[in-house]
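Take a look at the structure below.
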Amino acid sequence: MNIIRFLHRKTDVCLLHDYKTVQQALRIMRSHGCKELPVVNQEGLYIGTVNEGDFLWYILDYGGFEAVKDHKISKIAQKGTVPALKITDTDEDLQRAALRSAFVPIIDDRDMFVGTISREDIIAYFVDLGKETANTQVL
């Protein structure tokens, strides 16, 4: 398995920039039907990931939506929750990472965000691989 073949490039991925406000980010997530998104800074470095729960707890902890709607999401993005993998990481690393999240953020050697790999694509690959193996064994 080659990580690159599964990559959804950053130009094709819905993501958030860390300078967006809570209100803007929630609107983006709602309009795209996303529950979790990667966050990058203006230079394109992967900052972390935010999900609906992160917003909920942040809003509750800091006084409600009106109090936080203009806060930047850089305060919410959590780097450790969905760690990024490098393009050069192994198949095993990708498999482990896919168990933790619906997508795996991918970065290059400069820590620049290059895209994501969806759990769905990884599962589909192994289902197809299993079918091929089963067909080969039957013959």
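The values are calculated or read from the model by the stated rules, or taken from the named source; none is laboratory data. This structure is a prediction, so every number in the text was calculated from the model and none was measured. FYI the Cβ positions are ideal-geometry reconstructions off the backbone, even for glycines, and counts take in every protein chain you see. Side chains are part of the model used for accessible areas, which takes the heavy atoms of the whole protein and leaves out ligands, DNA and RNA. Shrake-Rupley method; radii C 1.70, N 1.55, O 1.52, S 1.80 Å.
Sort out which residues of the range 90-113 are polar (S, T, N, Q) and surrounded by 13 or more Cβ atoms within 10 Å (Cβ to Cβ), and write them in order of number.
Listed by number, the residues that qualify are Q95, S101.
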Residues of the range 71-128 being farther than 17 Å from I4 by Cβ, more than 14 Å from the chain's Cα centre (by Cα), of a type in the set (A, V, I, L, M) and in a helix (DSSP H, G or I), which ones?
-> I73, I123, V127
Does the range 39-48 contain at least one residue that is closer than 18 Å to G115 by Cβ, open to solvent by less than 30 Å² (accessible area, probe 1.4 Å), touching a Lys or Arg at 6+ places or on another chain (Cβ under 7 Å) and outside any loop (DSSP other than H, G, I, E, B)?
-> yes
Matching residues in the range 9-29 (open to solvent by 40 Å² or more (accessible area, probe 1.4 Å), out of contact with any helix residue (DSSP H, G or I) (no Cβ under 8 Å at 6 or more places or on another chain) and either hydroxyl-bearing (S, T, Y) or under 23 Å from D121 (Cα atoms) (or both)) number 4
Tell me, yes or no, whether the range 66-75 has at least one residue that is at pLDDT below 95, within 23 Å of D111 (Cα to Cα) and open to solvent by 70 Å² or more (accessible area, probe 1.4 Å).
-> yes
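Give the residues of the range 6-50 that are among the β-branched types (V, I, T) and farther than 23 Å from R110 by Cα, sorted by residue number. Give the derivation first.
The initial filter retains those residues of the range 6-50 that are among the β-branched types (V, I, T), namely 11, 13, 21-22, 28, 39-40, 47, 49-50.
Passing the criteria: T21, V22, I28.
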Flag if I87 is under 25 Å from Q42 (Cβ atoms), modelled with pLDDT under 95 and surrounded by fewer than 17 Cβ atoms within 10 Å (Cβ to Cβ) | yes
